[in-house]
Every structure is written in structure tokens, then in C-alpha cells.
Amino acid sequence: MGIKQQILSRTNQGLDVFKFYLKVDWVVGRNFRNPFYDDKRPSCNVYKDKHSGVYKMKDFGNESYSGDCFALVGNIFSLDCRNKTHFMEIMKIIDRDLRLGLFDKTDLTPRKPQEPKLLASNEKEEETHRSTLSLVEQPFSLEEIKFWKQYGISLSTLQTFRVVSVKTCSGINRQNKPYELKSHPNEPMYAYKRHDHVKIYRPFSTLRFLQSSNSDSVYCFGLEQLPHKGDMLFITGGEKDVMTLHAHGFNAICFNSETSLVPEELVESLSRRFRHIVLLFDMDKTGVEASKREQERLSAFSVLRLELPLSGEKSEKDVSDYFRSGAKRDDLKFLVLQLLETVYRETLLMMKSCEIDYQNPPTMPENIISVNGVPLGSTGNLLCITGGEGTGKSNFVSALIAGSIRETKSVNIDTLGLDVSCNESNKAVILYDTEQSEAQLFKNVSNTLRRASMDEMPANFKAFYLATMSRKERLQSIRDSMDLYYHRFGGIQLIVIDGIADLIRSANDETESIALVDELYRLAAIYQTCIIGVLHFVPNGIKLRGHIGSEMQRKSAGILSIEKDDDPAVSVVKALKVRDGSPLDVPILQFSWDKTYGMHRFRGEKPKEDKEKRKENELTSVAKQIFSGTRFLTYNELSKEIEDFMAVSERTAKNYIRYMREKGIVTKDPSNSTYYIIGINL
């Protein structure tokens with residue numbers, strides 16, 4: 001039997017430990033005032049857990065004191081039960097104070113518990129019940145609707161969060177006597193309802209909050225209403241604040257009170273879903289101190305803390321008061337941007353020396369051919385552009401960037417055969433180049449602006465040369481600047497990373513390749529933009545080379561290959577992958593240099609015969625590789641092989657099988673029609 005179990009066995013499953021340290025009158029199962037802080041109302045209860053058989057304490061006024069006898073001693077002596085060294089010290093203290101003789105059989109001198117620090121009490125009057133509250137609901141009155149509307153909260157929002165107007169509320173008080181509360185026009189009553197918890201809110205009454213719970217689960221209001229992923233999540237002080245933020249387009253949750261500890265396990269889970277978690281507590285003394293404490297305690301998750309420009313007085317202290325006083329959504333967004341400007345100050349200073357200063361051009365060296373990337377595809381996804389050196393990728397990319405920085409389609413820009421959405425909202429367009437020098441990138445940007453008929457660099461177009469940074473610094477700089485410009489410009493139209501292989505040590509490193517592509521895919525989803533990655537090598541037929549190529553092929557919504565045509569003066573754009581349908585059915589685009597315009601121009605699509613020839617040749621090559629290690633496959637096996645090899649959907653794979661049969665590339669086995677084999681034409 002371990003020491004922990006021996007202590008529980010010798011202390012009546014922890015009950016004697018509670019009796020030793022809780023120097024107040026109390027009995028099991030009845031509420032009492034916690035002696036370790038200024039507990040104005042009895043909200044503490046020692047009970048026997050029916051699952052473990054161990055005695056525990058539940059403190060509804062301050063969740064940090066809830067737990068077993070070891071947690072109680074840890075709180076008294078400022079020790080953390082989750083730390084192995086601290087937990088051993090906790091057990092030694094219990095052993096010594098209760099004279100159990102498990103560690104030191106000679107030292108049995110009782111030790112007086114140290115005086116705990118008084119925590120600030122929760123100013124909101126509250127009464128907590130283990131029994132169920134009985135409610136009689138009623139429709140919201142016009143006055144009640146008006147009350148919520150001053151915070152921007154509509155009936156729809158109230159319904160979303162399952163908030164109801166209560167006519168009467170009845171239950172059993174701490175003296176085991178029945179009581180009933182009635183709603184009145186001057187004292188309305190509302191209920192926040194969860195499946196295991198009911199909380200009554202009486203905004204104009206002395207007793208403002210009542211609640212009952214049928215479980216010991218953590219109370220977290222707003223958790224069910226959160227999106228799967230997002231940019232920012234506020235942890236705020238109360239339910240009304242959560243709904244106010246939701247009504248103004250922000251994600252928010254709250255716990256039972258600001259003095260409760262935010263559960264680390266939940267924060268860890270939410271940190272994988274949201275880019276930022278921000279503490280937005282009340283601006284009174286209690287709220288400010290609590291937010292500072294929680295930010296320090298949750299520092300491992302990079303939790304931020306935002307203060308509102310409020311006096312902290314009772315009528316001007318929380319985010320609901322902030323919006324009630326006339327603040328708008330953009331006002332809070334501006335405060336968030338200021339916070340992020342502070343957080344990313346060092347990153348911006350480091351990147352400032354890498355930002356293109358269009359008014360102060362660098363000394364131009366010899367002309368060097370460069371390759372640029374351009375955003376293309378749908379929001380929340382990746383697009384890959386690949387090809388060999390000298391195939392015209394830089395001009396192709398320049399045309400697409402020019403199209404993306406225009407505000408309206410009235411500006412006629414040749415985007416080399418692709419349709420590029422105009423940037424009506426002036427969202428950010430960011431180009432990160434990992435290979436080019438400052439001078440060469442300046443030249444490429446100049447060509448892009450000339451194609452877009454612009455004399456000046458738009459404020460929302462940012463171009464950075466990252467060749468002087470280490471690979472680790474490059475990715476971190478991309479993350480930070482992307483987040484900042486997302487907030488500064490109200491979104492990101494597209495991101496271009498020219499040379500994504502230079503963000504890792506080797507393009508053939510599987511672990512780094514997977515991690516990088518996963519991170520880019522995550523960022524594309526968070527910021528709802530398309531991230532373009534440019535790979536500087538020639539694909540092997542329909543597949544990309546290297547582990548980085550395989551990962552991009554698997555995660556990208558589309559892949560374009562820029563190649564030289566039979567006529568070396570013409571470059572062609574071939575689709576290696578598209579989201580829906582067959583890449584082999586996508587027209588082959590052509591572009592070449594036009595002396596009259598002094599830039600590359602679109603030359604139309606290649607004839608259908610060329611597209612069909614390419615389709616037959618590619619599928620023939622695929623069939624040879626699939627059947628190289630086996631003689632025959634079933635229909636489903638062949639379909640799955642094509643799906644995996646070409647990164648296409650099941651429907652497209654089946655269409656390919658039908659086409660391959662028509663062309664004699666594959667055929668059914670004469671001896672067993674269940675199987676497919678290489679066709680007679682190969």
C-alpha cells in the first residue's frame with residue numbers, strides 16, 4: 001500500500017485531516033464559512049465522494065479550495081499537489097501533524113498550520129445550493145428585452161445561450177426550509193441553464209445570484225457556443241459579459257467567478273483551437289488582481305491580459321458596461337490591436353530591417369532570375385506552385401499578386417489566364433521570400449506594381465526578404481507578422497511563401513515536413529486565407545518530390561506546375577491537383593513574353609488534343625507504377641491506389657479507371673473478372 005493510501009486509511013479516508021485543519025464548527029454535508037479567506041456566506045461543504053469513498057471539500061465561493069485533504073494542505077502551506085516534490089512534502093506535513101508515524105517515527109510534535117492569506121471576497125452576493133431549483137418560466141417582457149438590449153444582447157442571443165425569464169424560483173435553503181422567490185417588474189429574474197447547472201441572476205436585488213448543481217463538473221458558461229476554431233477567445237468575468245461579447249462578434253467564456261482558478265486542462269485544450277486566449281476581467285481591484293494572478297499561473301499557454309479604459313466603479317467596470325456606454329466593436333478591436341502591437345514589438349523590430357522600403361531603393365546588382373509565389377485557391381486551404389528554374393514562375397507569380405492588390409475589377413490586369421478575386425476590403429497581401437536579396441526582391445515588387453498600374457506601394461501589401469534570418473526565425477516571424485497584419489487590416493487576402501523548403505533543414509526530413517505543412521494548414525484555417533507555398537524543383541510526373549512535396553500534395557487544395565512547352569519561348573501551366581474533379585481535365589494554360597507590353601502575356605489554352613494526350617500519358621505512367629509490385633488488383637484496391645498515388649477523390653479515381661479501360665491502359669483479368677491487370681496497349 002502506497003503512502004497516500006496509508007494516510008487515507010489512517011485518517012478515516014481524509015476526514016480526520018479536514019477536522020485537524022478546519023478550525024471552525026462544521027459537520028459533514030452542511031455548508032460552512034471557509035476560514036482561509038473572507039467568506040461572507042457559508043459556501044463550503046465537506047462530503048464523502050460516492051465513487052472513491054474519499055472525503056472531499058467543495059467550495060462554491062472559491063474553487064481553488066475544492067479537492068481532497070491533500071489539496072487542502074497544499075493550499076494552506078502554498079504547495080502544489082501536481083508537483084511530485086510538493087506532494088511528498090504535503091504527505092510529510094500530514095504525517096507529522098496527525099502523528100501517523102509513516103515518515104519520522106521520532107518527531108511527533110504537532111505543527112501549527114501557517115496563517116493563510118485572505119483572498120478578496122466576491123462582491124456579488126451569491127447563494128449556492130446542492131439541491132435542484134424549481135423554476136417557472138415566462139416570456140420576456142418589453143422592459144426585460146430593453147434591459148438586455150442596452151448591452152447589445154438580443155432575444156436571439158439569449159436563446160442561443162439558453163437564458164430564460166423566470167416568474168418564480170423555489171428551493172430549499174441552508175436551514176432546510178422551503179422558500180420561493182417571485183419576479184417583479186422592479187426585480188426581474190433570469191436563469192442561465194445548463195444540463196447539470198442552473199444559475200439565477202437578479203440584477204437589481206440584494207441577493208443577485210443563486211445557483212444549484214447536480215454534479216462537480218467545472219462551470220463554464222459559453223463553452224458550448226464556441227466555434228471549432230478561431231482567432232481569439234476572451235475569458236471574462238460573468239455570463240452577461242460573455243453574451244455581450246458574443247453579440248458584438250467575439251468569442252467568450254466565463255467560469256463561476258473571477259476569483260476561481262481557470263482550469264489548466266481546459267485552457268490547454270482551447271489553446272489548440274484559438275490563436276489567442278485573452279483574460280478580460282472587471283476593472284475593479286478584485287478583477288485586476290485576479291487577472292494578473294491568472295495570467296502568471298497560465299503563462300505556459302501564452303495567455304494574454306487586456307484592460308479596459310474604465311474607472312472600476314460599480315457601474316463602469318466590465319465589458320458589458322464598456323459597450324453600454326457607447327463603445328463599438330471596432331473600439332474593442334483597436335484595444336486588441338494595441339495589445340498585439342505590444343506583444344509583437346520585438347518581432348516587428350527584428351523584421352523592420354527586412355521590410356522593403358519602396359521610397360529608398362537599394363543599390364541594384366546584376367540581374368538575376370527569381371521565382372515568386374502567389375496566393376491561389378479557397379480560404380482556409382493551401383495552394384502549391386512548383387516548377388524548374390527558368391520556367392516563368394516569377395512572372396506568373398507577379399501577375400497573380402498584381403491581381404490580388406487591386407481594389408476593383410475595373411482595373412484591367414492580365415493575370416495570365418487565371419481569375420483572381422479583387423481585394424475590395426483592402427485586406428493584407430503578404431509576400432515572404434526566403435531566397436532573394438533585398439535588391440532583387442525590390443525589383444520583383446517594382447515589376448508587380450507596374451503590372452498593376454500602380455506608382456506607389458499599397459499600405460496593405462507587405463514584402464519581406466528573409467534570407468538573412470535563420471530557418472527557425474523565419475517561421476516564427478511569419479507567424480507573428482501574419483497575426484498582426486490580420487488584425488491591422490481586418491483580414492488577409494492571401495499569403496505567399498516563396499521557398500517553403502527553406503523553412504526547414506531539409507526537404508527530405510519527414511518529421512519537419514509534416515510539422516511545417518500542418519502548421520501552415522492551421523494558420524490558413526485560423527485566418528481564413530489561402531497560403532501559397534512555392535517549391536523550387538520539377539515534379540516527377542503527377543507527383544511532387546521529397547517529403548515536403550508529398551505533404552504539400554496531401555494537404556493542398558490545388559497544385560500548379562509551371563513548365564516549358566515544346567516551344568521554349570512558351571510556358572505552360574498544368575494542374576497536378578484540384579479540389580474537385582480531375583486535374584487532368586483542367587485546360588493547359590499558356591503564356592509568353594510580349595515585347596509590345598514589356599511583360600509576359602496570356603496566350604490562351606492549349607488544344608484539347610494536347611490535354612487528352614497528356615491525360616493518357618500521365619495515367620499510363622501511373623498504372624505502370626501502381627502495378628510494378630503486383631500482377632493484379634480488385635476494382636476497389638485499384639481505386640484506392642489511384643486515390644493515394646494521385647491525391648484525388650474516390651469519384652475521380654473511379655472516372656480514371658473507366659478512362660484507363662477505354663484506352664486499354666488497364667483491363668479485367670480474363671481468368672477472373674474481379675481483378676484488373678495491365679492492359680494490352682502497354
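The values are calculated or read from the model by the stated rules, or taken from the named source; none is laboratory data. Remember, it's a predicted structure, so these values are computed and weren't measured experimentally. Backbone-built Cβ (ideal geometry, glycine too); neighbour counts: all protein chains shown. Quick note on the areas: whole protein, heavy atoms, side chains included, nothing else; ligands and nucleic acids left out. Shrake-Rupley method; radii C 1.70, N 1.55, O 1.52, S 1.80 Å.
Assorted remarks:
- Pairs linking a residue in the stretch 189-203 that is in contact (Cβ under 8 Å) with a residue 12 or more places away in the chain to a residue that is of a type in the set (D, E, K, R), with Cβ atoms under 6 Å and 6 or more positions apart or on different chains, are Met189/Arg202; Tyr192/Lys199; Tyr192/Glu239; Lys193/Arg162; Arg202/Arg208.
- Against the list (1) aliphatic (A, V, I, L, M); (2) in contact with a helix residue (DSSP H, G or I) (Cβ under 9 Å, 6 or more places away or on another chain); (3) open to solvent by 10 Å² or more (accessible area, probe 1.4 Å), the condition Leu233 fails is (3).
- In summary, Tyr521 fulfils each of the numbered conditions (1) at pLDDT 90 or above; (2) among the hydroxyl-bearing types (Ser, Thr, Tyr); (3) open to solvent by less than 10 Å² (accessible area, probe 1.4 Å) with the single exception of condition (3).
- Only residues that are within 13 Å of Tyr322 (Cα to Cα) and open to solvent by less than 20 Å² (accessible area, probe 1.4 Å) were counted in the stretch 243-259, giving 2.
- Restricting Lys615, Lys564, Lys577 to residues that are in contact (Cβ under 8 Å) with a residue 12 or more places away in the chain and closer than 30 Å to Glu519 by Cα narrows the list to Lys577.
- Annotation: of all residues in the stretch 187-230 being exposed (fewer than 14 other Cβ atoms within 10 Å of the Cβ) and under 22 Å from Ser66 (Cα atoms), the one that is farthest from the chain's Cα centre (by Cα) is Asn214.
- Out of Ser325, Ser315, Ser299, Ser311, sole residue that is within 20 Å of the chain's Cα centre (by Cα) and surrounded by fewer than 16 Cβ atoms within 10 Å (Cβ to Cβ): Ser299
- Screening the stretch 561-609 for strands (runs of 3 or more DSSP E) wholly inside it with 1 or more residues that are in contact with a His (Cβ under 7 Å, 6 or more places away or on another chain), under 21 Å from Arg451 (Cβ atoms) and open to solvent by 20 Å² or more (accessible area, probe 1.4 Å) returns the ranges 589-594.
- Selection status of Ile430, more than 20 Å from His536 (Cβ to Cβ), open to solvent by less than 30 Å² (accessible area, probe 1.4 Å) and of a type outside the set (S, T, N, Q): no
- Residue within the stretch 626-634 that is touching a helix residue (DSSP H, G or I) at 6+ places or on another chain (Cβ under 9 Å), open to solvent by 20 Å² or more (accessible area, probe 1.4 Å), in contact (Cβ under 8 Å) with a residue 40 or more places away in the chain and hydroxyl-bearing (Ser, Thr, Tyr) present: no
- Residues that are under 32 Å from the mean Cα position of the chain (by Cα), modelled with pLDDT of 85 or more, farther than 15 Å from Gly392 by Cβ and basic (Lys, Arg) do not occur anywhere in the stretch 578-593.
- Unmet requirement for Leu484, which otherwise passes all of (1) open to solvent by 40 Å² or more (accessible area, probe 1.4 Å); (2) touching a residue at least 24 places away in the same chain (Cβ under 8 Å): (1)
- Filter result for Leu516 (hydrophobic (A, V, I, L, M, F, W, C), open to solvent by less than 30 Å² (accessible area, probe 1.4 Å) and out of contact with any strand residue (DSSP E or B) (no Cβ under 8 Å at 6 or more places or on another chain)): yes
- When restricted to residues that are assigned to a strand (DSSP E or B), under 17 Å from Ser134 (Cβ atoms) and either modelled with pLDDT under 90 or of a type in the set (Asp, Glu) (or both), the stretch 182-199 contains 4.
- Filtering the stretch 309-363 to residues that are in contact with a helix residue (DSSP H, G or I) (Cβ under 6 Å, 6 or more places away or on another chain), assigned to a helix (DSSP H, G or I) and not small (Gly, Ala, Ser) leaves Val319, Phe323, Leu337, Leu340, Thr347, Met351.
- Of the strands (runs of 3 or more DSSP E) lying entirely inside the stretch 373-492, those carrying at least 3 residues that are closer than 30 Å to Pro587 by Cα, at pLDDT 85 or above and touching a Gly at 6+ places or on another chain (Cβ under 9 Å) are 382-387, 428-433.
- Summed over the stretch 153-187, the residues that are among the hydrophobic types (A, V, I, L, M, F, W, C) and more than 19 Å from Arg208 (Cα to Cα) give a count of 3.
- Filtered by the rule that a residue be touching a residue at least 40 places away in the same chain (Cβ under 8 Å), touching a strand residue (DSSP E or B) at 6+ places or on another chain (Cβ under 7 Å) and not polar (S, T, N, Q), the stretch 35-60 gives Arg41, Pro42, Val54, Tyr55, Lys56, Lys58, Phe60.
- Picking from residues in the stretch 399-414 that are of a type outside the set (A, V, I, L, M) and touching a residue at least 60 places away in the same chain (Cβ under 8 Å), the one that is surrounded by the fewest Cβ atoms within 10 Å (Cβ to Cβ) is Asp414.
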